[in-house]
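Let me begin by presenting the structure, written as structure tokens, before commenting on it.
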Amino acid sequence: MSPKENRHGLSELAEIKRQSRSLYVVIFVFSFFVNLLMLTSPLYMLQVYDRVLGSQSEATLLALSLLVAVLFVAMGFLDHARNRIIARLGARFQDSLDKRVFQAAIRRMTIAPNDPNALIAQRDLEAIQRFVSSPVHLAFFDIPWTPIFVAAIFVFHPLLGWLAIAGGACIVGITFLNRGLTQAPLHQANQTSTMAERLADNLKSESETVQALGMSGAGFNRWQKARSMALAASIKASDLGGVFTVSSKTFRLFLQSAMLGAGAYLVLHGELTAGAMIAGSILLGRALAPIEALVGQWALVQRSQEGWARLSILLSEQLVEPPRTALPRPRAQLEISQLTVVPPGATQAVLRMVSFNVEPGQAVGIIGPSGSGKSTLARALIGVWRPAGGKIRLDGATLDQYDQDVLGSYIGYLPQRVALFDGTIAENIARLQENPDPAKIVEAARRAAAHDMIVKLPDGYDTRVSSIGGRLSGGQIQRIGLARALFGDPVLLVLDEPNSNLDNDGSLALNQAIRAMKAAGDSVLIMAHRPAAIQECDTLLVLEDGGRRAFGPRDQVLREIIKNHNEITRSVGPGGVA
């Protein structure tokens with residue numbers, strides 16, 4: 001990716017952050033007064049030791065104590081307020097980007113299923129949200145006050161000021177060492193943990209196969225190795241980070257004691273008052289507190305930085321889709337002209353210069369050997385894979401003139417492997433829509449001949465299913481998938497190997513649904529190996545090695561294929577040598 005493209009993703013994230021500019025101003029103002037009020041304690045100690053104890057005035061002590069109580073209440077109120085604001089800032093940031101990141105991840109995974117930036121995009125966004133909402137974020141507002149507090153120590157005595165600077169420089173050095181030395185272990189820990197989670201999810205989703213083939217032990221061993229690597233990397237990062245956290249805390253406590261010792265030495269020589277000695281120690285602790293907070297919570301900062309970098313790449317790769325002018329509901333007229341498709345990540349075209357037309361009310365069967373490009377054509381027809389060359393037009397408009405969700409409402413798609421989503425059967429048929437029309441759900445199920453099967457289930461349409469199908473058979477899942485494809489009265493139905501899991505009744509129901517689509521003036525495209533799948537097709541397209549071998553009326557194309565097959569067999573002869 002070019003630096004210019006990556007800058008687009010960074011600018012998009014920064015723009016979301018800039019939308020909360022007013023809240024950051026409020027936090028800055030609150031932080032100003034909170035840190036100003038932090039001077040209350042050292043000034044109180046200074047007055048008590050140098051004035052109250054010397055004057056033996058109880059009235060002065062009472063007045064100072066009441067004033068300090070009021071100031072501490074004000075400081076607590078402001079500190080609590082800025083913590084509440086920072087928590088809402090994180091929530092606002094995530095809420096503003098949830099849809100954008102989710103859609104970008106979905107679009108990216110359709111063309112690069114194993115892209116790590118897409119796989120953990122939501123977790124990256126959550127990591128940024130946790131950092132923005134955390135107290136360590138406020139440390140960046142408090143750090144500018146560190147030089148002011150150190151300058152105040154200089155007012156008491158230069159020796160104490162230089163001691164504070166030397167100590168602060170050491171803690172800053174620890175911070176940079178923490179950043180440099182823990183970056184690689186933290187990155188490895190996050191990466192290996194993600195790999196272990198993916199492997200576990202994969203084994204769980206294929207639990208039936210794992211159990212049937214006796215793969216439980218081997219699967220567990222493989223997951224355990226990945227998990228052990230993740231744990232080892234996490235422990236290494238935690239141990240290394242812990243060294244810096246403890247070192248920073250221990251050194252700060254020692255430094256405060258050293259400040260008291262140096263102050264006592266100056267008091268003995270008459271160069272400092274006892275109150276200034278105590279006040280200097282308190283000021284030093286406050287000056288170094290935000291730096292120590294950064295050291296202690298650096299893992300959170302580091303994870304947020306990694307998430308920010310990955311999200312910037314993802315958003316740069318998947319730009320915001322421009323708004324499109326709404327087009328009227330299209331007719332089921334499909335025109336494919338010189339279509340060339342290169343699968344994402346590949347360098348060679350799987351489909352090359354394929355052209356054909358589909359008229360309303362027509363069913364087209366697309367046949368050919370494995371690897372001929374049938375599934376690739378299906379993905380191009382539904383708008384998931386963009387053409388590398390040529391055009392696909394639906395009622396005259398290219399597919400990219402439709403918003404993807406709008407295009408999806410016009411298209412019914414049944415993939416080779418049907419996946420259900422966590423929810424009820426009704427929700428799956430309704431394509432996860434909120435408050436769908438129950439009548440349309442039942443209608444789609446009836447068209448797929450799935451209604452009787454569904455109502456026989458324990459909870460009927462309200463039966464809950466999962467992404468792995470639960471107790472449903474392959475044929476039942478296939479029928480629910482077909483009902484989902486037919487939901488919403490699509491004008492174009494794309495079926496990729498629809499008979500793979502259907503029994504005879506299911507095949508009959510599929511043919512009935514195809515006939516109904518044709519009668520309504522809609523179009524159907526069927527990628528098939530089995531002859532039963534093309535019984536209702538008027539036209540056949542034969543693909544071979546990614547190109548169009550034949551296209552025309554079904555019976556004519558079949559006769560030509562059989563004739564050519566017989567001629568080749570005769571010319572080769574029984575021995576297999578021409």
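So here's what we get for this one:
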{"item": "Top-ranked residue of segment 459-473 - restricted to ones that are open to solvent by 40 Å² or more (accessible area, probe 1.4 Å) and outside any loop (DSSP other than H, G, I, E, B), ranked as modelled with the lowest pLDDT", "result": "Arg464"}
{"item": "Criterion violated by Ser372 - all others in (1) part of a loop (DSSP other than H, G, I, E, B); (2) surrounded by fewer than 21 Cβ atoms within 10 Å (Cβ to Cβ) satisfied", "result": "(2)"}
{"item": "Val25 under 21 Å from the mean Cα position of the chain (by Cα), at pLDDT 90 or above and under 30 Å from Val132 (Cα atoms)", "result": "no"}
{"item": "Residue within segment 131-140 that is over 30 Å from Arg417 (Cα atoms), among the hydroxyl-bearing types (Ser, Thr, Tyr), open to solvent by less than 20 Å² (accessible area, probe 1.4 Å) and modelled with pLDDT of 90 or more present", "result": "yes"}
{"item": "Positions within segment 84-101 being surrounded by fewer than 16 Cβ atoms within 10 Å (Cβ to Cβ) and under 20 Å from Phe33 (Cα atoms), in sequence order", "result": "Arg84"}
{"item": "Boolean, Gln318 is touching a residue at least 24 places away in the same chain (Cβ under 8 Å) and open to solvent by 20 Å² or more (accessible area, probe 1.4 Å)", "result": "no"}
{"item": "Residues within segment 495-546 that are closer than 23 Å to Ser409 by Cβ and of a type in the set (Ser, Thr, Tyr), tallied", "result": "1"}
{"item": "Helices (runs of 4 or more DSSP H) enclosed by segment 189-304 - at least 3 residues per element that are closer than 30 Å to Gly54 by Cα", "result": "216-268, 274-296"}
{"item": "Options Arg386, Arg447: the member that is more than 25 Å from Val542 (Cβ to Cβ), in contact with a helix residue (DSSP H, G or I) (Cβ under 8 Å, 6 or more places away or on another chain) and of a type outside the set (Val, Ile, Thr)", "result": "Arg447"}
{"item": "Hey, Ala59 farther than 28 Å from Ala264 by Cα, among the small types (Gly, Ala, Ser) and either open to solvent by 50 Å² or more (accessible area, probe 1.4 Å) or in contact with a Pro (Cβ under 9 Å, 6 or more places away or on another chain) (or both) or not", "result": "yes"}
{"item": "Which numbered condition Gln433 misses (of (1) part of a helix (DSSP H, G or I); (2) out of contact with any Gly (no Cβ under 8 Å at 6 or more places or on another chain); (3) open to solvent by 10 Å² or more (accessible area, probe 1.4 Å))", "result": "(1)"}
{"item": "Any hit, segment 108-119, residues being small (Gly, Ala, Ser), in a helix (DSSP H, G or I) and open to solvent by 40 Å² or more (accessible area, probe 1.4 Å)", "result": "no"}
{"item": "Pairs, first among the hydrophobic types (A, V, I, L, M, F, W, C) in segment 63-75, second assigned to a helix (DSSP H, G or I), C-beta under 6 Å, six or more apart", "result": "Leu64/Gln47; Val68/Thr40; Val68/Tyr44; Leu71/Leu37; Leu71/Thr40; Met75/Val34; Met75/Leu37"}
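The values are calculated or read from the model by the stated rules, or taken from the named source; none is laboratory data. In this text the structure is predicted, and so the values were computed from the model without any measurement. When we count neighbours, we look across all protein chains shown, and the Cβ atoms used for this are built from the backbone with ideal geometry, even at glycine. SASA here: full protein model, heavy atoms, side chains in, ligands and nucleic acids out. Shrake-Rupley method; radii C 1.70, N 1.55, O 1.52, S 1.80 Å.
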